[in-house]
Structures are given as C-alpha cells and as structure tokens.
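Below: one structure, written as structure tokens.
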Amino acid sequence: MYRLGYHNNNCIGCVKGGMGYWNKIRRDFPETYERMAVLQRELGPGSYFWRERKTKERISLDALDPDRGNHDEEPNIECSLLCHAAEVTIADDCEAA
C-alpha cells in the first residue's frame, strides 16, 4: 500500500477515507470500489460517507466526481477499537460458516 502512495496500510477501502482516498481506491482497486458502491446502493443514503457542505446532500460512491478530493492533503486514517472488534466479528462469522 505504501508503494502505491497510501499513507497507511489500513483495510483497503476504509470507510473513514476521504474523497481523494476513495478516488485513489477507484483507480487502484476498482473491484473494492465497486463492491462498496453496491453495498451503499443496497443500504441507502445512511451508508454514504460524505455530505455536500452547502446543501447537506449525502454523496455516495456512485455520485463521487472522479476529480474530487486530494488524497495527499487528507488527514490520515486511523484504526480504532471498533475496527478491531469488527475484524474479530467477521473472522468469527467466517469460521462459523
């Protein structure tokens, strides 16, 4: 991930990422981008990552302009305890299946 220009080695397609990060994911990992876009379509507007500042309208990955954001200027994404808990739950669910 570092060799591709990412600032960290978090989950590929982290929901905490900004517009520039997600446009970089769109270019480098199109299958991950599309998988998340499909999930957002299924879940609806509550799952969209951003809002327009002026209109407060939610922005989905489907509506993300490929020129929006600047990955190099966005804050670093940090994993948290919730990230770790989700990872454990997913691993447990996979083992049970």
Which Rg and Dmax, in Å, describe the Cα atoms of the chain? 14.3, 46
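Give me the percent relative contact order of the chain, please, defined on Cα pairs under 8 angstrom at least 6 residues apart. Walk me through the numbers before you get to the answer.
Numbers: 78 pairs, mean separation 29.4, N = 97.
After rounding, I find 30 percent.
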Angle in degrees between helix 19-28 and the longest Cα principal axis of the chain, rounded to the nearest 10: 70 degrees
Vicinal HN-Hα couplings computed from phi for the range 73-82 (Karplus, 6.51 cos²θ - 1.76 cosθ + 1.60; Hz; Gly/Pro x): 9, 7, x, 5, 8, 10, 6, 9, 4, 5
Low-density loop positions, chymotrypsin sites (Phe, Trp or Tyr not before Pro), the range 1-96 - DSSP coil, at most 16 other Cβ in 10 Å: 2
Karplus-derived 3J(HN,Hα) from phi for the range 60-72 (6.51 cos²θ - 1.76 cosθ + 1.60, θ = phi - 60°), whole Hz, x at Gly and Pro, runs 8, 4, 4, 9, 5, 5, x, 9, 7, x, 9, 3, 5
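Given Cβ point charges of +1 (Lys, Arg) and -1 (Asp, Glu) and nothing else, what value in debye, to the nearest 20, does the dipole of the chain about its Cα centre take?
Values: 13 positive and 17 negative charges, 90 e Å.
The calculation lands at about 440 debye.
Coordinate-derived values only; no laboratory data. As the structure is a computational prediction, the values presented were derived from the model and not from experiment. Heads up, the Cβs are rebuilt from the backbone with ideal geometry, glycines too, and the neighbour counts pull from every protein chain shown.
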